[in-house]
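The values are calculated or read from the model by the stated rules, or taken from the named source; none is laboratory data. Just so it is clear, the structure is predicted and the values come from calculations on it, not from any experiment. So basically every Cβ, Gly included, is an ideal-geometry build from the backbone, and we count neighbours across all protein chains shown.
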Amino acid sequence: DGGITQSPKYLFRKEGQNVTLSCEQNLNHDAMYWYRQDPGQGLRLIYYSQIVNDFQKGDIAEGYSVSREKKESFPLTVTSAQKNPTAFYLCASSIVGFRSPYEQYFGPGTRLTVT
Amino acid sequence: SQELEQSPQSLIVQEGKNLTINCTSSKTLYGLYWYKQKYGEGLIFLMMLQKGGEEKSHEKITAKLDEKKQQSSLHITASQPSHAGIYLCGADKLAGSSNTGKLIFGQGTTLQVKP
(Lines give C-alpha, C1' and ligand atoms only; values in the text may rest on other atoms or scores of the structure.)
Protein backbone atom coordinates (compact mmCIF):
# COMPACT_ATOMS: atom_id res chain seq x y z
CA ASP A 1 0.00 0.00 0.00
CA GLY A 2 1.22 3.50 -0.80
CA GLY A 3 1.52 5.94 2.02
CA ILE A 4 3.63 7.97 4.40
CA THR A 5 5.37 6.51 7.42
CA GLN A 6 6.77 8.37 10.37
CA SER A 7 8.88 6.87 13.06
CA PRO A 8 8.91 6.57 15.92
CA LYS A 9 5.35 7.21 17.12
CA TYR A 10 6.59 8.54 20.48
CA LEU A 11 9.98 10.05 21.20
CA PHE A 12 11.46 11.23 24.47
CA ARG A 13 14.60 13.31 24.75
CA LYS A 14 16.50 15.27 27.32
CA GLU A 15 16.82 19.00 26.91
CA GLY A 16 19.93 19.99 24.99
CA GLN A 17 19.95 16.93 22.73
CA ASN A 18 19.30 17.00 19.01
CA VAL A 19 16.75 14.50 17.73
CA THR A 20 15.86 13.38 14.20
CA LEU A 21 12.34 12.44 13.12
CA SER A 22 11.95 10.14 10.17
CA CYS A 23 9.49 10.57 7.28
CA GLU A 24 9.30 8.22 4.30
CA GLN A 25 6.78 8.13 1.45
CA ASN A 26 6.25 5.68 -1.40
CA LEU A 27 3.65 7.77 -3.24
CA ASN A 28 6.24 9.07 -5.72
CA HIS A 29 5.39 12.62 -4.63
CA ASP A 30 7.86 15.37 -5.40
CA ALA A 31 6.87 17.66 -2.52
CA MET A 32 7.22 16.93 1.17
CA TYR A 33 6.37 19.02 4.22
CA TRP A 34 6.89 19.15 7.96
CA TYR A 35 4.30 20.65 10.28
CA ARG A 36 4.13 21.17 13.99
CA GLN A 37 0.86 20.92 15.94
CA ASP A 38 0.38 22.21 19.46
CA PRO A 39 -2.71 21.57 21.64
CA GLY A 40 -5.71 23.57 20.49
CA GLN A 41 -3.86 24.95 17.51
CA GLY A 42 -3.81 24.21 13.85
CA LEU A 43 -0.74 23.07 11.98
CA ARG A 44 2.22 25.36 11.38
CA LEU A 45 4.67 24.78 8.54
CA ILE A 46 8.29 24.18 9.54
CA TYR A 47 10.04 23.27 6.27
CA TYR A 48 9.01 22.07 2.85
CA SER A 49 10.74 20.63 -0.19
CA GLN A 50 9.43 20.52 -3.74
CA ILE A 51 12.37 18.68 -5.26
CA VAL A 52 15.32 16.57 -4.20
CA ASN A 53 18.28 18.52 -2.81
CA ASP A 54 16.19 21.64 -2.34
CA PHE A 55 14.09 22.84 0.60
CA GLN A 56 12.59 26.05 1.89
CA LYS A 57 11.87 27.47 5.33
CA GLY A 58 8.29 27.59 6.45
CA ASP A 59 6.77 29.88 9.05
CA ILE A 60 8.58 28.46 12.11
CA ALA A 61 11.92 27.07 10.86
CA GLU A 62 14.09 28.39 13.69
CA GLY A 63 15.66 25.55 15.67
CA TYR A 64 14.94 22.95 13.01
CA SER A 65 16.90 21.53 10.08
CA VAL A 66 16.03 19.17 7.21
CA SER A 67 17.63 17.33 4.33
CA ARG A 68 16.20 15.95 1.09
CA GLU A 69 18.79 13.60 -0.39
CA LYS A 70 16.22 11.15 -1.71
CA LYS A 71 12.78 11.72 -3.18
CA GLU A 72 11.10 9.39 -0.70
CA SER A 73 12.77 10.68 2.47
CA PHE A 74 12.58 14.01 4.32
CA PRO A 75 14.03 13.75 7.86
CA LEU A 76 13.56 16.58 10.35
CA THR A 77 16.14 17.37 13.03
CA VAL A 78 14.95 19.20 16.11
CA THR A 79 18.03 20.93 17.47
CA SER A 80 18.80 22.11 20.96
CA ALA A 81 18.21 25.65 19.70
CA GLN A 82 14.46 25.02 19.45
CA LYS A 83 13.06 26.60 22.60
CA ASN A 84 9.79 24.65 22.86
CA PRO A 85 10.34 21.35 21.04
CA THR A 86 7.61 19.34 22.78
CA ALA A 87 4.86 18.95 20.19
CA PHE A 88 3.18 16.65 17.70
CA TYR A 89 5.06 16.59 14.39
CA LEU A 90 3.36 15.73 11.12
CA CYS A 91 4.93 14.99 7.77
CA ALA A 92 3.02 15.33 4.50
CA SER A 93 3.58 14.93 0.79
CA SER A 94 1.91 15.99 -2.42
CA ILE A 95 2.42 16.11 -6.16
CA VAL A 96 3.68 19.36 -7.63
CA GLY A 97 1.95 21.19 -10.43
CA PHE A 98 1.08 24.64 -11.67
CA ARG A 99 -2.47 24.16 -12.87
CA SER A 100 -4.45 23.19 -9.82
CA PRO A 101 -4.04 22.99 -6.07
CA TYR A 102 -3.16 19.49 -4.89
CA GLU A 103 -4.11 17.92 -1.61
CA GLN A 104 -1.44 16.89 0.85
CA TYR A 105 -1.35 13.40 2.34
CA PHE A 106 -0.25 13.09 5.94
CA GLY A 107 1.69 10.55 7.96
CA PRO A 108 0.55 9.31 11.39
CA GLY A 109 2.73 11.80 13.27
CA THR A 110 5.46 11.66 15.92
CA ARG A 111 4.85 12.96 19.41
CA LEU A 112 8.09 14.42 20.77
CA THR A 113 8.49 15.10 24.47
CA VAL A 114 11.56 16.93 25.71
CA THR A 115 12.23 17.13 29.45
CA SER B 1 -0.94 37.77 6.15
CA GLN B 2 -3.57 35.24 5.26
CA GLU B 3 -5.42 33.64 8.18
CA LEU B 4 -8.09 31.01 8.59
CA GLU B 5 -10.61 31.20 11.40
CA GLN B 6 -12.74 28.19 12.31
CA SER B 7 -15.95 28.21 14.32
CA PRO B 8 -16.99 26.82 16.63
CA GLN B 9 -13.82 25.72 18.41
CA SER B 10 -15.64 22.74 19.87
CA LEU B 11 -18.99 21.09 19.43
CA ILE B 12 -20.92 18.43 21.31
CA VAL B 13 -23.95 16.98 19.55
CA GLN B 14 -26.35 14.13 20.13
CA GLU B 15 -26.08 11.24 17.73
CA GLY B 16 -28.38 11.75 14.78
CA LYS B 17 -28.24 15.55 14.86
CA ASN B 18 -26.95 17.72 12.03
CA LEU B 19 -24.09 20.15 12.51
CA THR B 20 -22.09 22.77 10.63
CA ILE B 21 -18.47 23.91 10.98
CA ASN B 22 -17.33 27.15 9.37
CA CYS B 23 -13.99 28.27 8.04
CA THR B 24 -13.45 31.94 7.17
CA SER B 25 -10.49 33.45 5.36
CA SER B 26 -9.19 36.99 5.47
CA LYS B 27 -8.30 36.68 1.77
CA THR B 28 -9.73 35.02 -1.31
CA LEU B 29 -9.09 31.30 -1.23
CA TYR B 30 -7.27 29.56 -4.05
CA GLY B 31 -7.89 26.05 -2.77
CA LEU B 32 -9.71 25.06 0.41
CA TYR B 33 -9.15 21.67 2.01
CA TRP B 34 -11.02 19.87 4.75
CA TYR B 35 -9.25 17.30 6.87
CA LYS B 36 -10.29 15.12 9.80
CA GLN B 37 -7.96 14.10 12.59
CA LYS B 38 -8.36 11.60 15.40
CA TYR B 39 -6.50 12.72 18.51
CA GLY B 40 -2.82 11.81 18.28
CA GLU B 41 -3.05 10.68 14.68
CA GLY B 42 -2.41 12.07 11.23
CA LEU B 43 -4.84 14.04 9.08
CA ILE B 44 -7.23 12.32 6.73
CA PHE B 45 -8.12 14.21 3.59
CA LEU B 46 -11.87 14.74 3.18
CA MET B 47 -12.47 17.18 0.33
CA MET B 48 -10.97 20.01 -1.68
CA LEU B 49 -12.92 22.98 -3.03
CA GLN B 50 -11.60 25.43 -5.56
CA LYS B 51 -14.41 27.15 -7.43
CA GLY B 52 -16.77 29.76 -6.01
CA GLY B 53 -20.12 28.17 -5.18
CA GLU B 54 -18.66 24.67 -5.37
CA GLU B 55 -20.20 21.94 -3.26
CA LYS B 56 -18.93 18.41 -2.68
CA SER B 57 -20.29 15.49 -0.70
CA HIS B 58 -18.84 12.31 0.68
CA GLU B 59 -21.24 10.00 2.47
CA LYS B 60 -22.94 12.24 5.05
CA ILE B 61 -20.45 15.09 4.88
CA THR B 62 -20.99 18.07 2.56
CA ALA B 63 -18.58 20.94 2.08
CA LYS B 64 -19.34 24.23 0.33
CA LEU B 65 -17.27 27.19 -0.77
CA ASP B 66 -19.09 30.51 -1.05
CA GLU B 67 -19.20 32.56 -4.24
CA LYS B 68 -16.65 35.05 -2.98
CA LYS B 69 -14.29 32.19 -2.04
CA GLN B 70 -13.69 33.50 1.45
CA GLN B 71 -15.82 31.16 3.50
CA SER B 72 -16.37 27.42 3.56
CA SER B 73 -18.73 25.30 5.58
CA LEU B 74 -18.66 21.62 6.45
CA HIS B 75 -22.03 20.06 7.16
CA ILE B 76 -22.59 16.64 8.71
CA THR B 77 -26.03 15.10 8.41
CA ALA B 78 -27.30 12.62 11.00
CA SER B 79 -24.06 12.56 12.98
CA GLN B 80 -22.64 9.29 14.26
CA PRO B 81 -19.97 8.52 16.89
CA SER B 82 -17.59 7.72 14.00
CA HIS B 83 -17.74 11.39 13.00
CA ALA B 84 -16.07 12.45 16.24
CA GLY B 85 -12.65 14.03 15.91
CA ILE B 86 -10.95 17.27 14.99
CA TYR B 87 -11.87 18.93 11.73
CA LEU B 88 -9.36 21.28 10.17
CA CYS B 89 -9.62 23.52 7.17
CA GLY B 90 -6.52 24.35 5.19
CA ALA B 91 -5.83 26.74 2.34
CA ASP B 92 -3.09 27.35 -0.17
CA LYS B 93 -0.78 30.21 0.58
CA LEU B 94 -0.41 32.19 -2.60
CA ALA B 95 2.76 33.87 -3.78
CA GLY B 96 1.75 36.28 -6.50
CA SER B 97 -0.44 34.35 -8.90
CA SER B 98 1.07 30.93 -8.41
CA ASN B 99 0.35 28.15 -5.99
CA THR B 100 3.27 27.63 -3.61
CA GLY B 101 2.10 24.28 -2.29
CA LYS B 102 2.30 25.70 1.22
CA LEU B 103 -0.81 25.36 3.33
CA ILE B 104 -2.08 27.36 6.26
CA PHE B 105 -4.58 25.82 8.65
CA GLY B 106 -7.39 26.91 10.89
CA GLN B 107 -7.09 26.06 14.57
CA GLY B 108 -9.46 23.11 14.26
CA THR B 109 -12.94 22.24 15.54
CA THR B 110 -13.26 19.39 18.02
CA LEU B 111 -16.44 17.39 17.54
CA GLN B 112 -17.91 15.01 20.10
CA VAL B 113 -20.95 12.92 19.24
CA LYS B 114 -22.89 11.55 22.19
CA PRO B 115 -24.55 8.15 21.63
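Could you check, for the stretch A:29-43, whether at least one of its residues is part of a loop (DSSP other than H, G, I, E, B), touching a Ser or Thr at 6+ places or on another chain (Cβ under 7 Å), polar (S, T, N, Q) and modelled with pLDDT under 95?
From the stretch A:29-43, those part of a loop (DSSP other than H, G, I, E, B) are A:29-30, A:38-42; that's our starting set.
In the following step, the residues that additionally are touching a Ser or Thr at 6+ places or on another chain (Cβ under 7 Å) were identified as A:29.
Now drop any that are not polar (S, T, N, Q), which leaves none.
No - not one qualifying residue is present in the stretch A:29-43.
Can you name the residue in the stretch B:11-55 that is within 13 Å of the chain's Cα centre (by Cα) and among the hydroxyl-bearing types (Ser, Thr, Tyr) and is also modelled with the lowest pLDDT among such residues?
So, considering only residues that are within 13 Å of the chain's Cα centre (by Cα) and among the hydroxyl-bearing types (Ser, Thr, Tyr), the one modelled with the lowest pLDDT is B:Ser25.
If A:Asp54 meets every condition in (1) exposed (fewer than 15 other Cβ atoms within 10 Å of the Cβ); (2) in contact with a Leu (Cβ under 6 Å, 6 or more places away or on another chain) apart from one, which number is that one?
(2)
I want to confirm something. Restricting to the stretch A:1-15 and keeping residues that are more than 15 Å from A:Thr110 (Cα to Cα) and either outside any loop (DSSP other than H, G, I, E, B) or modelled with pLDDT of 90 or more (or both), which single residue is nearest to the chain's Cα centre (by Cα)?
A:Gly3
Return yes or no: is A:Gln104 touching a residue at least 60 places away in the same chain (Cβ under 8 Å) and within 24 Å of B:Gln50 (Cβ to Cβ)?
yes
Can B:Lys56 be described as facing chain A (nearest Cβ under 10 Å) and out of contact with any Cys (no Cβ under 9 Å at 6 or more places or on another chain)? Give the derivation first.
On the way: facing chain A (nearest Cβ under 10 Å): no; out of contact with any Cys (no Cβ under 9 Å at 6 or more places or on another chain): yes.
So B:Lys56 fails the test.
So which residues in the stretch A:85-102 are closer than 24 Å to A:Leu27 by Cβ, buried (at least 18 other Cβ atoms within 10 Å of the Cβ) and not aromatic (Phe, Trp, Tyr)?
Listed by number, the residues that qualify are A:Leu90, A:Cys91, A:Ala92, A:Ser93, A:Ser94, A:Pro101.
Within the stretch B:8-26, count every residue that is of a type in the set (S, T, N, Q), under 14 Å from B:Gln70 (Cβ atoms) and surrounded by 12 or more Cβ atoms within 10 Å (Cβ to Cβ).
Residues meeting the conditions: 3.
When you go through A:Gln25, A:Gln82 one by one, which is the residue that is more than 9 Å from every other protein chain (Cβ to nearest Cβ), within 20 Å of B:Leu43 (Cβ to Cβ) and surrounded by 15 or more Cβ atoms within 10 Å (Cβ to Cβ)? Spell out how you get there, then give the answer.
On the way: A:Gln82 fails: within 20 Å of B:Leu43 (Cβ to Cβ).
The match here is A:Gln25.
Mind counting the residues in the stretch B:8-26 that are away from chain A (no Cβ under 11 Å), touching a residue at least 60 places away in the same chain (Cβ under 8 Å) and not β-branched (Val, Ile, Thr)?
Qualifying residue count for the region: 9.
Can you tell me which residues in the stretch B:30-46 are at the interface with chain A (Cβ under 7 Å from one of its Cβ atoms) and either hydroxyl-bearing (Ser, Thr, Tyr) or assigned to a strand (DSSP E or B) (or both)?
B:Tyr30, B:Tyr33, B:Leu43, B:Phe45
Within the stretch A:3-10, is even one residue buried (at least 16 other Cβ atoms within 10 Å of the Cβ), closer than 26 Å to B:Gln6 by Cβ and of a type outside the set (S, T, N, Q)?
yes
Being basic (Lys, Arg) and under 14 Å from A:Gln25 (Cβ atoms) is the filter; apply it to the stretch A:54-79 and report the residue that is farthest from the other protein chains (Cβ to nearest Cβ). Let's see the steps before the verdict.
Going through the stretch A:54-79, the residues basic (Lys, Arg) turn out to be A:57, A:68, A:70-71.
Now drop any that are not under 14 Å from A:Gln25 (Cβ atoms), which leaves A:68, A:70-71.
Details: A:Arg68: 14, A:Lys70: 19, A:Lys71: 15 Å.
If we take residues in the stretch A:54-79 being basic (Lys, Arg) and under 14 Å from A:Gln25 (Cβ atoms), then A:Lys70 is farthest from the other protein chains (Cβ to nearest Cβ).
Go through the residues of the stretch B:17-29 one by one and say whether even a single one is basic (Lys, Arg), under 15 Å from B:Leu111 (Cβ atoms), in contact with a helix residue (DSSP H, G or I) (Cβ under 9 Å, 6 or more places away or on another chain) and in a loop (DSSP other than H, G, I, E, B).
No, every residue in the stretch B:17-29 fails to be basic (Lys, Arg), under 15 Å from B:Leu111 (Cβ atoms), in contact with a helix residue (DSSP H, G or I) (Cβ under 9 Å, 6 or more places away or on another chain) and in a loop (DSSP other than H, G, I, E, B).
Count, please, the residues in the stretch A:67-114 that happen to be under 26 Å from B:Lys38 (Cβ atoms) and part of a loop (DSSP other than H, G, I, E, B).
The qualifying residues number 14.
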